[in-house]
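Engineer: Just dropping this structure here.
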């Protein structure tokens, strides 16, 4: 299978995965508001990944999302980055982004998380979301580079 086709398939799977992930985050409060027995299961699926503190979460239908504002920002940023990927990188053999860009997009979330842990400040949900959004946008480029390289190296080994 040519490299371009492999990258397009990986991209499609990643896009479908993040859309389903975000849909589950948004579905949990909807189901909880309806008293569905599926809601606790959805919240439990995200519990190992997020503290789910209600005061640090956005609300939908008067119920907290299945993840906090920062995590929701990361996932939404991941979606934005995934949607931007074809325009920025195309579907040639994946490569890692510039390290400086990664550091620039990682700095806000790292500073905020450190300041929060050290009790220097506590930001509200919107700034938490925005720091997560900034960091999340770069992650698909690393994931595509890593998985793409792994898959393509296996494909290259099989080729005569």
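Engineer: For region 31-67, which positions are in a helix (DSSP H, G or I) and either within 24 Å of residue 124 (Cβ to Cβ) or touching a strand residue (DSSP E or B) at 6+ places or on another chain (Cβ under 6 Å) (or both)?
Structural biologist: The answer is 32, 33, 43, 46, 54, 55, 56.
Engineer: Same structure, new question: Being without any contact (Cβ under 8 Å) to a residue 60 or more places away in the chain and under 29 Å from residue 35 (Cβ atoms) is the filter here; which residues of region 54-103 pass it?
Structural biologist: Across region 54-103, the qualifying residues are 54, 55, 59, 60, 61, 62, 63, 64, 65, 66, 67.
Engineer: Just for region 95-125: of the residues that are closer than 14 Å to residue 71 by Cβ and modelled with pLDDT of 95 or more, which one is surrounded by the fewest Cβ atoms within 10 Å (Cβ to Cβ)?
Structural biologist: Among residues in region 95-125 that are closer than 14 Å to residue 71 by Cβ and modelled with pLDDT of 95 or more, the one surrounded by the fewest Cβ atoms within 10 Å (Cβ to Cβ) is 125.
Engineer: Could you tell me whether residue 49 is surrounded by fewer than 15 Cβ atoms within 10 Å (Cβ to Cβ), within 18 Å of residue 23 (Cβ to Cβ) and under 15 Å from the mean Cα position of the chain (by Cα)?
Structural biologist: So residue 49 fits the description; yes.
Engineer: Here is a further query. Taking region 52-88 on its own, how many of its residues are on the phi > 0 side of the Ramachandran plot and surrounded by 13 or more Cβ atoms within 10 Å (Cβ to Cβ)?
Structural biologist: 1
Engineer: Next question, about the same structure. Which residues, taken from region 27-44, are loosely packed, with under 14 Cβ neighbours inside 10 Å and within 21 Å of residue 79 (Cα to Cα)?
Structural biologist: Across region 27-44, there are no qualifying residues.
Engineer: Please find, within region 1-26, the residue that is nearest to residue 69 (Cα to Cα) out of those that are free of Cβ contacts under 8 Å to residues at least 24 places away in the same chain and not in a loop (DSSP other than H, G, I, E, B).
Structural biologist: That would be 23.
The values are calculated or read from the model by the stated rules, or taken from the named source; none is laboratory data. What you are looking at is a predicted structure, and each value in this text was computed from that prediction instead of being measured. Reconstructed Cβ throughout: ideal geometry from the backbone, glycine too, with neighbour counts over all protein chains shown.
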